[in-house]
Amino acid sequence: MTIENVRALVDDRPSDGWFSVDRAAFTDEALFEREIRHIFEGGWVFLGMDSQAAERHSYFTVTIGHTPIVVMRDGEGTLGAFVNACPHKGALICHRRTGKGRLHVCRYHSWSFDSAGRNVAVKGMNAGAYSKEFIGRDRNLPRLSAFANYRGFLFGSLVPTCPIEEHLGEARRLLDLSADQGEGGLELVPGEIVFTFDGNWKYQLENCSDAYHFTSAHPSYIRLLDKRAKERRAESVRSIWEKDKNWSEEAEGITGGSYSFDEGHVLNWGLIGVSDAVPLFERAEILAERYGAARRDWMFNMRNLTIFPNLQLAENASSQLRIIRPLAANKTEMRTFCIAPRGESAEARRQRIRNYEDFFNPTGMATPDDTVSYEDCQAGNANRLQSWAYGYCRGATASVTGGNAFSDLLEMNPARSVLGDAMLCDETLYHSYYRAWLARMEAGAARETQDA
Ligand code: FES
Ligand SMILES: [Fe+2]
């Protein structure tokens, strides 16, 4: 497969009102290997939260593409990210998803490494008749080419790349919006869920931003919401949302919209208002004092954020952090966590967790609907008669360059934006994914040509 073949998979012609992705992008094994090398191993990817290795000498493991990674906090409290493979013969050093240890001894021939990734002992070094060349070599765990902590969100790259602020671009304002909800940022609620589905990773990428499927794929959850809304009306909803001037003027007929960013990050969002259906309600006054009413109101909006290529943050009546890990063209692993503001009350935390269990996880009322749909698409996209998918066209005439009054409230300048009512369900925000996807594929191909 050449880079020309890759380019031919995306038909990007907004001036003609047309955008499409060839179905082969979801099924082709050779393309998948290229994605691993150039999308995942070729730039910034999300690794985890700094709270996953909160204490000295604690660590968590993750992968970037095919590369096993360990993120460790050393004895000084500094976080480092390393390839989790022994320089001797390549055996994994840390085997658990999370753990703690001052010293990591390789199971195979007992080379040992400290929590700063330094090789501190080679078993039988003196008796080993090693050459000067060997003794002089760096035998530490290889450090990632780039590693950054943005407000508790950890990112790494296997290749030298731009500063993290540049990669996050204007979308970092949305991470700020989440991190500002708590006293001292966000934390993961204990209890990680890992599951797989038999479908391509890009279904998950798109689905997070897909408002169009909600009423079709999640009828049982919607029935539950209706039932609760009736009960809540009976006890009258406690709401302090006054629709201040900024919002009420712009919000006429608008229920939400989308933003897309140059780097492939996207947000779709819906107006909710400050209501006690959201666990943040107890902090509504404090947050308004600290950040102003408009920014506080934004914190209560339903938001689905993707930081390309593998981080998703879904905030509604609860809040979920997802990490997408592609395993094969037709297999994907999801690692998901409930994420919450630090310092919220036990009551709010309970509400958050109960709402979380309703909606998310393989045991919740929404996730199974979604994953079954991805598997349906994987089966259907095996066909070779229809090349081009039609799922990228809603919102074509509503999408405008730059932001709008709502993004202005966050001092955020997206590349494109859409505003609409509940029926619009924009699909143009996926374009941003595929433009960033192609940019990384092109950069990867250029790197390979350079190296050849
Ligand atoms: S592979 Fe680790 S010590 Fe041999
Ligand atoms: Fe869904």
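Can you find a residue in the range 412-421 that is within 16 Å of ligand 2 (Cβ to nearest atom), open to solvent by less than 20 Å² (accessible area, probe 1.4 Å) and under 20 Å from the mean Cα position of the chain (by Cα)? No, the range 412-421 has no match at all. Among residues that are in a loop (DSSP other than H, G, I, E, B), open to solvent by 30 Å² or more (accessible area, probe 1.4 Å) and not hydrophobic (A, V, I, L, M, F, W, C), Asn149 is not included. Pairs under 6 Å by beta carbon, first residue assigned to a loop (DSSP other than H, G, I, E, B) in the range 203-219, partner near ligand 2 (Cβ under 9 Å from one of its atoms), six or more apart or different chains? From the range 203-219, the pairs are His218/Ala366; His218/Asp369. Which residues, taken from the range 64-94, are surrounded by fewer than 23 Cβ atoms within 10 Å (Cβ to Cβ) and within 23 Å of the chain's Cα centre (by Cα)? Passing the criteria: Gly65, His66, Thr67, Pro68, Arg73, Leu79, Gly80, Val83. If you take the residues of the range 162-184 that are in a loop (DSSP other than H, G, I, E, B) and closer than 24 Å to Arg416 by Cβ, which of them is least open to solvent (accessible area, probe 1.4 Å)? In this case the residue turns out to be Cys162. Output the residue which, of all residues in the range 353-377 that are farther than 16 Å from Cys208 by Cα and open to solvent by 60 Å² or more (accessible area, probe 1.4 Å), is farthest from ligand 1 (Cβ to nearest atom). Filtering first and then ranking leaves Arg354. Here is the figure for the range 110-124: residues that are within 13 Å of ligand 1 (Cβ to nearest atom) and either in contact with a Gly (Cβ under 6 Å, 6 or more places away or on another chain) or in a strand (DSSP E or B) (or both) total 5.
Residues being under 27 Å from Met49 (Cβ atoms), in contact with a Gly (Cβ under 6 Å, 6 or more places away or on another chain) and away from ligand 2 (no atom under 16 Å from the Cβ) are entirely absent from the range 88-103.
Looking across the range 81-137, the residues that are among the basic types (Lys, Arg) and in contact (Cβ under 8 Å) with a residue 40 or more places away in the chain come down to Arg97, Lys100, Arg102. Note on the range 378-403: among residues that are hydrophobic (A, V, I, L, M, F, W, C) and assigned to a loop (DSSP other than H, G, I, E, B), the one that is most open to solvent (accessible area, probe 1.4 Å) is Leu385.
The sole residue among Met412, Met441 that is in contact with a helix residue (DSSP H, G or I) (Cβ under 6 Å, 6 or more places away or on another chain), outside any loop (DSSP other than H, G, I, E, B) and in contact (Cβ under 8 Å) with a residue 12 or more places away in the chain is Met441.
Okay, residues lined up against (1) of a type outside the set (Lys, Arg); (2) modelled with pLDDT under 95; (3) surrounded by fewer than 21 Cβ atoms within 10 Å (Cβ to Cβ):
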| position | (1), (2), (3) |
| --- | --- |
| Leu271 | yes, yes, yes |
| Asp276 | yes, yes, yes |
| Ala293 | yes, yes, no |
| Arg303 | no, no, no |
| Glu315 | yes, no, no |
| Lys331 | no, no, yes |
| Gly343 | yes, yes, yes |
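For the range 55-63, the count of residues that are in contact (Cβ under 8 Å) with a residue 24 or more places away in the chain, touching a Ser or Thr at 6+ places or on another chain (Cβ under 6 Å) and surrounded by 20 or more Cβ atoms within 10 Å (Cβ to Cβ) is nonzero. Being without any contact (Cβ under 8 Å) to a residue 12 or more places away in the chain, in contact with a helix residue (DSSP H, G or I) (Cβ under 9 Å, 6 or more places away or on another chain) and open to solvent by 20 Å² or more (accessible area, probe 1.4 Å) holds for only one residue in Glu282, Glu289, and it is Glu289. Ile307 fulfils the conditions (1) over 18 Å from Ala422 (Cβ atoms); (2) modelled with pLDDT of 95 or more; (3) touching a Ser or Thr at 6+ places or on another chain (Cβ under 7 Å) except for a single criterion, (3).
Any residue that is under 15 Å from Pro279 (Cβ atoms), β-branched (Val, Ile, Thr) and outside any loop (DSSP other than H, G, I, E, B) - is there at least one of those in the range 317-334? No, every residue in the range 317-334 fails to be under 15 Å from Pro279 (Cβ atoms), β-branched (Val, Ile, Thr) and outside any loop (DSSP other than H, G, I, E, B).
The values are calculated or read from the model by the stated rules, or taken from the named source; none is laboratory data. If you're wondering where the values come from, they're calculated on a predicted model, not measured in any experiment. Virtual Cβ from ideal backbone geometry, glycine too; neighbours counted across all protein chains shown. What goes into the accessible areas is simple: the full protein's heavy atoms, side chains included, and nothing from ligands, DNA or RNA. Shrake-Rupley method; radii C 1.70, N 1.55, O 1.52, S 1.80 Å.
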